[in-house]
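Take a look at the structure set out below.
The values are calculated or read from the model by the stated rules, or taken from the named source; none is laboratory data. As the structure is a prediction and not an experimental result, all values here were calculated from the model. Here the Cβ is made from the backbone with ideal geometry for all residues, glycine too, and neighbour counts use every protein chain on show. Ligands, DNA and RNA are excluded from the accessible area calculation, which covers all protein heavy atoms including side chains. Shrake-Rupley method; radii C 1.70, N 1.55, O 1.52, S 1.80 Å.
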Amino acid sequence: MKLKRGAKLFLKHDDRVCGPFKWTLVREWIALEFLTNQTQVGLSMEGEFFPAAGVEDLFTLPPSMSGPESSINYYLHADRQKDPSLPR
């Protein structure tokens, strides 16, 4: 599944749904291992939920962020202007 620009995702755990969250924020949480590839995500609160592994955009950094370092190193790098965003 490919996400559109500005898409929001909902997260589901133990029949509880939270969100919406920007999909780029969910990508950051996955890179920092706050969430796993089995985390249930959906495009709406009442819609279908599926494992995050089915959304390729959540595991791929855009060319402007990629390089020799892994995605987790990008988010934890000392030169970043802001700290990693934490889930509520």
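Structure above, values below:
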read-out: Flag for Ala52 being modelled with pLDDT of 90 or more, under 10 Å from the mean Cα position of the chain (by Cα) and surrounded by 11 or more Cβ atoms within 10 Å (Cβ to Cβ); value: yes
read-out: Unique match (being at pLDDT 80 or above and in contact with a strand residue (DSSP E or B) (Cβ under 7 Å, 6 or more places away or on another chain)) among Trp29, Trp23; value: Trp23
read-out: Selection status of Asp83, of a type in the set (Asp, Glu) and modelled with pLDDT of 65 or more; value: no
read-out: Some residue of the stretch 58-76 being in contact with a helix residue (DSSP H, G or I) (Cβ under 7 Å, 6 or more places away or on another chain) and at pLDDT 90 or above; value: no
read-out: Residues of the stretch 18-36 satisfying the condition of being open to solvent by 70 Å² or more (accessible area, probe 1.4 Å), part of a loop (DSSP other than H, G, I, E, B) and not β-branched (Val, Ile, Thr); value: Glu33, Phe34
